[in-house]
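**Student:** The structure under discussion is supplied below as structure tokens; questions concerning it will follow.
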Amino acid sequence: MTEICAAHGYAALFEHAPVGLAEMDTEGRILRANPRLGEMLACDPGDLVGGWLRERLLPEDVEPCEARRRGLLDGGCPNCQVEVRLVDATGLARWVEISISRIPATIDSPEALLAAVADIGTRKQAEQRMDSLLHASPAVIYTMHPDNLGTMTWLSRNSVSVTGWAPEQISSNPDWLTTHIAPEDYGRCVCQVRRWLSDGAQGFCRLNYRQRMPNGHWQWLEDQITAIRDATGAVTELVGAFQDIGARVETERHLEKIARNLPGVIYQYRQHPDGRGCYPYASEGMTDIFGIAPEEAMRDAEAVFRVIHPEDVERIRASIEASMRSLEPWLQRYRVMSPERGETWLEGHASPEALDDGSVLWHGVILDITQRVRAEHALHRSEQELALAQSIAHVGNWISDFQKHEIRWSDEVYRIFGMERSRWEGTHGAFMQAVHPGDRERVQAAVDRALAGLEQFDVTHRILRPDGTERVVRELASVELSPCGTPARMVGTVQDITEQYHLEQEQRLLAATFESSQAIFITDVEGTIQRVNATFTQLTGYTEEEAVGANPRILNSGRQDRDFYQEMFRTVRETGHWQGEIWNRRKNGEIFPLHEVVTAIHDDQGEIEYYIAMFHDITRQKELEAALEHQAFYDPLTDAANRGYFETLLDQEARRAQRYAHPCSLLLLDIDHFKRINDTFGHEVGDEVLRFLVHALKGRLREADVLGRWGGEEFVVLLPGTDAERGQHVAEQLREQVTATAFPCVGLVTISLGVAECRPGESIRDWVKRADEAMYVAKKGGRNRVVRLDD
């Protein structure tokens with residue numbers, strides 16, 4: 001009766017299974033198919049009987065599937081799986097996973113095969129999407145083994161577009177990195193990765209290095225590495241992502257050069273709707289231009305307005321209000337009063353940016369144009385054309401004569417436009433031809449408004465030189481009227497402001513960089529916080545108002561002592577930067593780990609002026625690394641030390657024993673008749689026996705002793721500070737403990753143990769060999785005993 005119920009249950013399961021099922025003979029001929037398989041093949045299940053499953057596959061998938069079936073029948077594996085494409089009656093192919101297992105022969109029927117067919121189309125589509133995403137990504141993903149930092153084991157396909165090297169060129173070449181990364185960069189990066197691994201591989205390891213491309217050129221790459229761990233916490237693989245940062249490196253170098261050589265002040269000015277203003281940033285040129293230190297200007301914006309000439313200050317305030325309302329670029333000339341230099345003329349250029357809180361932030365530059373203005377005033381007493389032409393150094397002048405229908409340029413204009421005088425037609429049409437096509441309509445509209453008397457001609461636009469280079473110019477002009485009131489001519493200047501224009505763009509880039517995903521704070525040389533970004537507030541809980549003016553000690557968690565911070569700042573002072581991991585405290589008292597980089601900013605005399613600190617929260621990485629670290633050193637089945645970790649400890653303890661003349665013993669043990677247990681009760685019971693054995697052994701060992709799995713059913717015990725006689729005693733205790741333990745399903749289990757004490761000058765291999773020989777004697781002597789071979 002029980003057999004009948006089981007048969008009915010199997011039949012019901014076969015008919016209603018959510019996956020396709022087919023019973024086949026050992027040759028692969030279908031004996032029975034369920035409705036789900038018929039649905040997948042768009043046919044009646046009965047039509048499949050007598051046919052071959054391989055006939056329903058794409059031709060290129062037949063042989064892999066048949067090979068798995070043959071391997072199954074040859075006893076190579078208890079079951080097999082293969083991913084193939086199944087073709088239904090309509091000709092539509094779909095990805096499936098076929099799992100084939102053997103059905104033992106019975107009295108009534110010969111041996112058969114059961115094939116389970118599962119639709120994996122959705123998973124395959126996801127894999128294809130992932131491949132597409134990796135190909136489109138600017139970053140190349142790769143893997144490598146933590147013990148071999150010279151070879152990448154796998155790379156995403158986009159490595160060709162990023163580096164010029166195909167994935168197989170890199171992954172198939174052992175030690176490829178050692179020959180393609182700049183030697184000084186490779187050594188530095190390997191040391192950094194190894195230090196990161198030795199510190200627990202927390203978070204990410206970030207690297208910058210140069211790699212040689214196929215054309216021989218060096219390419220700057222930025223790399224970020226993280227660790228993959230197994231169930232014991234062991235780092236089993238490294239996963240990295242690198243991308244080309246050559247353009248960024250060049251931009252940073254260019255910005256540094258401009259900041260050092262600009263004869264003026266780069267600044268940011270922010271004004272709130274209620275009229276309050278502040279300078280979030282001002283370069284060192286603030287002292288030269290205004291006679292005010294940048295720090296003072298950033299603390300008190302009114303300090304700047306107080307040195308502006310009384311006749312100009314209200315006009316400047318009004319112009320700022322106007323730019324705030326219209327969001328048009330701000331450009332003003334004005335005077336400042338200095339006790340040392342007297343009256344000085346300045347010219348300010350700034351681009352406004354509307355912020356979410358209603359305030360406006362200007363990114364600009366202020367230049368000392370005193371000499372230029374004095375020249376203008378002197379030239380003003382001369383002919384008007386020359387006064388306009390010579391108003392600014394390196395500014396050309398022009399006259400557009402409407403009566404003669406011609407335009408006359410000064411020599412400087414020809415230089416700016418890159419034209420030869422002999423090839424210049426001198427007409428308005430020729431001028432418009434030199435204007436960038438994208439700006440022509442706007443320039444012509446500005447000319448029309450000036451001629452109509454609606455506004456002054458003041459326009460910034462691009463020009464295209466005959467050699468194809470692009471420049472940015474600013475043109476100013478006034479319209480002179482004839483006696484009858486009609487426009488007679490325009491007299492104007494043109495200034496090449498290409499570098500200034502790009503400088504303003506780069507200033508905006510610098511401002512955007514500060515508001516990054518990294519928390520950033522800036523302190524003066526005394527350690528007082530001068531500025532923080534939004535990410536700092538999010539990570540620490542301190543608002544900008546609470547942090548600015550405070551000392552970074554508000555973040556001190558107490559985990560690092562005074563010596564740690566003294567060493568940190570010694571490194572910063574000597575090398576210019578420091579990076580590492582720190583535990584900080586949030587405003588709410590929560591302690592969290594972070595990776596921090598501290599950089600010193602020096603003045604022209606080489607003295608430190610500021611410290612810039614950037615950090616990010618690595619709490620999640622710390623948690624993952626702690627879990628993965630355990631997986632790296634312990635056997636996943638028994639939680640005993642794995643062989644690699646045990647060998648490391650064995651070597652360390654042997655060295656210590658020989659250095660200090662301390663005894664140290666090694667036990668090598670094996671479960672008696674373990675193969676019989678596996679054959680009789682199955683491997684799952686065998687695994688449980690191994691786990692119970694380890695539990696029993698650990699209960700009789702000291703904290704200093706180390707239990708490791710040597711392989712299979714063999715285990716080793718390291719007994720520091722223990723001579724051979726005491727080691728034999730410990731081994732006997734372990735044997736008795738195991739004998740007294742009731743193992744599930746099996747009952748009584750015994751072990752045979754060999755004991756060997758470390759000898760001076762003896763190699764690890766010979767030491768282990770003596771323990772193994774002693775265990776072998778115990779086995780030959782009848783098992784369930786301890787043997788120590790005397791010298």
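**Student:** What accessible surface, in Å², does a 1.4 Å probe find on Ser172, ignoring ligands, DNA and RNA and rounding to the nearest 10?
**Tutor:** Ignoring ligands and nucleic acids, Ser172 comes out at about 90 Å².
**Student:** Which percent of the accessible area of segment 624-672 is formed by carbon and sulfur heavy atoms (probe 1.4 angstrom)?
**Tutor:** The value for segment 624-672 is 50 percent carbon and sulfur by accessible area.
**Student:** So how exposed is His577, as accessible area in Å² (1.4 Å probe, rounded to 10)?
**Tutor:** For His577, the solvent-accessible surface is approximately 100 Å².
**Student:** Restricting to DSSP loop positions (anything but H, G, I, E, B) with no more than 16 other Cβ atoms inside 10 Å of their own Cβ, which GluC sites (Glu not before Pro) remain in segment 752-787?
**Tutor:** Within segment 752-787, the qualifying GluC sites (Glu not before Pro) (loop, at most 16 other Cβ atoms within 10 Å) are Glu762.
**Student:** Quick one: P(r) of the chain from all Cα-Cα pairs, 20 Å bins, percents rounded to integers, in order of increasing distance.
**Tutor:** Taking every Cα pair in the chain, the percentages come to 11, 26, 29, 19, 12, 3, 0.
**Student:** Tell me which GluC sites (Glu not before Pro) from segment 523-560 have a DSSP coil assignment and no more than 10 other beta carbons within 10 Å of their own.
**Tutor:** Sites meeting the loop and neighbour criteria: Glu526.
**Student:** Quick one: 3J(HN,Hα) in Hz for segment 402-410, Karplus 6.51/-1.76/1.60 with θ = phi - 60°, rounded, Gly and Pro as x.
**Tutor:** With coefficients 6.51, -1.76 and 1.60, one gets 6, 6, 8, 6, 9, 10, 10, 10, 7 Hz.
**Student:** Please report how many Lys pairs in the chain have alpha carbons closer than 18 angstrom, counting only residues at least 8 apart along the chain or sitting on separate chains.
**Tutor:** Qualifying lysine pairs in the chain: 4.
**Student:** Something else now. Using every alpha carbon pair in segment 634-788, what percent of pairs falls into each 10 Å bin from 0 up to the bin containing the largest distance?
**Tutor:** 12, 44, 34, 10, 1
**Student:** Still on this structure, I have one more. Quick one: if the Förster radius is 22 Å, what FRET efficiency do Asp300 and Glu526 give, using the C-beta to C-beta distance and rounding to 0.05?
**Tutor:** Using R0 = 22 Å, I get an efficiency of 0.70.
**Student:** Could you work out how far the C-alpha centroid of segment 60-115 sits from that of segment 626-674, in angstrom?
**Tutor:** If you average the Cα positions of each part, the centres end up 43 Å apart.
**Student:** Here's a follow-up. With every protein chain present, what is the per residue accessible area of the chain (1.4 Å probe, Å²)?
**Tutor:** 53 Å²
**Student:** Now for a separate question. Going by amide H atoms built from the backbone, whose H comes under 5 Å of the H on Trp154, apart from near neighbours?
**Tutor:** Excluding prolines and chain starts, which carry no amide H, the hits are Thr143.
**Student:** With a 1.4 Å probe and every protein chain kept in, tell me what percent of the accessible surface of segment 137-249 is carbon plus sulfur.
**Tutor:** Here it works out to 55 percent.
**Student:** Additional query: Please list, in order along segment 467-484, the HN-Hα scalar couplings obtained from phi with the Karplus expression 6.51 cos²θ - 1.76 cosθ + 1.60 (θ = phi - 60°), rounded to whole Hz, x for Gly and Pro.
**Tutor:** 7, x, 6, 10, 10, 10, 10, 10, 10, 10, 7, 10, 9, 9, 9, 7, x, 8
**Student:** Also, I was wondering about something else. What is the Cα coordinate range of segment 137-249 on the first, second and third principal axes, sorted by size from largest, in whole angstrom?
**Tutor:** 44, 25, 25
**Student:** Run the quick spin-label model on Leu481 and Glu111: label points 7 Å from Cα toward the beta carbon, then report their separation in nm to one decimal.
**Tutor:** 11.1 nm
**Student:** Residue by residue, what Karplus-based ³J(HN,Hα) values in Hz, rounded to whole numbers, does segment 309-315 have, using 6.51, -1.76 and 1.60 with θ = phi - 60° and x for Gly and Pro?
**Tutor:** Per residue, the Karplus-derived 3J(HN,Hα) values read 3, x, 6, 10, 5, 5, 5 Hz.
**Student:** Let me ask something else. What angle, in degrees between 0 and 90 and rounded to the nearest 10, separates the Cα long axis of helix 724-739 from the longest principal axis of the Cα atoms of the chain?
**Tutor:** The answer is roughly 80 degrees.
**Student:** Set the Förster radius R0 to 30 Å, insert the Cβ-Cβ distance between Gln444 and Arg421 as r into 1/(1 + (r/R0)^6), and round the FRET efficiency to 0.05.
**Tutor:** That gives a FRET efficiency of 0.75.
**Student:** Helix-only mean residue ellipticity at 222 nm, the chain, DSSP H runs n ≥ 4 weighted -39,500 (n - 2.57), per residue, nearest 500. What is it?
**Tutor:** Result for the chain: -12000 deg cm²/dmol, rounded to the nearest 500.
The values are calculated or read from the model by the stated rules, or taken from the named source; none is laboratory data. On a predicted model such as this, the values are computed, not experimentally measured, just so you know. Positions of Cβ are generated from backbone atoms using ideal geometry, with glycine treated the same way; all protein chains shown enter the neighbour counts. Surface accessibility is based on the protein's heavy atoms, side chains included, excluding ligands, DNA and RNA. Shrake-Rupley method; radii C 1.70, N 1.55, O 1.52, S 1.80 Å.
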